[in-house]
Amino acid sequence: MSLTKFIKYLNSEENLIRTIFVSILSSFVVFGIIYFTKLKYIENFIPKYGIFLFFAILSYALILSSVRHIRIYKNFPCMSGMMIGMTIGMFSGFLPGFYIGATNGMFYGSIFGMAIGILFGAWNGKCCGIMGIMEGIMAGFMGGLMGAMTALMMFNENLKAMSVIIFAVSGIILIGLNYLIYKETREIEIKNKEDESFTILWSILLALFTIWFMAFGPRSILFS
């Protein structure tokens, strides 16, 4: 399938491109409200945390668009479901773990990343049963730890540049996951038509948790 056809597919029946923009808009509205009420009084908040929060919001948009794509079809063959659980669990854990690890330390980044990764990994992996759930839990567990560990290892060497690279590579893989879902569902009827309320709700929740953790959450001694 050509790139043009794939982009047309993403922008037509499933409206996944619109989902990405809705997620980004919802998150930035939340950020704007909190910034002008609380965050602007925190010294150097944007220089210190802005880039990590920015890429966290973009990452959530990509993850939630993939999650919505999965929810549309609900059930998948075993191998595809395991890949879905592993991919969603891995990047739902790795990316938040990296960004929180870069601002709050490895322990808290690991906990934050594992919590989100295991939740989303198991939730989406269940599309193929217990094997997908197990893959999602394992990937979320490892992704959260690895994301925070990577942030700590890069702390004194081009950490912000690495944030850009990690987001770019993760984005390519998540786009590949959507292509996989397309390949598996070309002959399957959509089972769950839904509006953007799911995307808006989870974008707001993830943005709130991330902003609170970066600005007011506990920190390791190195980040105090």
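Readers should treat all values here as calculations from the given coordinates under stated rules, not as data from a laboratory. Computed from a predicted model, the values in this text were never measured in an experiment. No Cβ is skipped: glycine too gets one built from the backbone with ideal geometry, and neighbour counts run over all protein chains shown.
So the values come out like this:
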read-out	value
Matching entry among F76, F31, F45 (being surrounded by 15 or more Cβ atoms within 10 Å (Cβ to Cβ) and either closer than 16 Å to C128 by Cα or within 12 Å of the chain's Cα centre (by Cα) (or both))	F76
Residue match in region 105-116 (condition: closer than 30 Å to I221 by Cβ, out of contact with any Gly (no Cβ under 8 Å at 6 or more places or on another chain) and assigned to a helix (DSSP H, G or I))	yes
Number of positions in region 151-169 that are surrounded by fewer than 16 Cβ atoms within 10 Å (Cβ to Cβ) and within 17 Å of L58 (Cα to Cα)	6
Boolean, S27 is in contact (Cβ under 8 Å) with a residue 12 or more places away in the chain and touching a Phe, Trp or Tyr at 6+ places or on another chain (Cβ under 7 Å)	yes
Test: I51 is touching an Asp or Glu at 6+ places or on another chain (Cβ under 8 Å) and in contact (Cβ under 8 Å) with a residue 60 or more places away in the chain	no
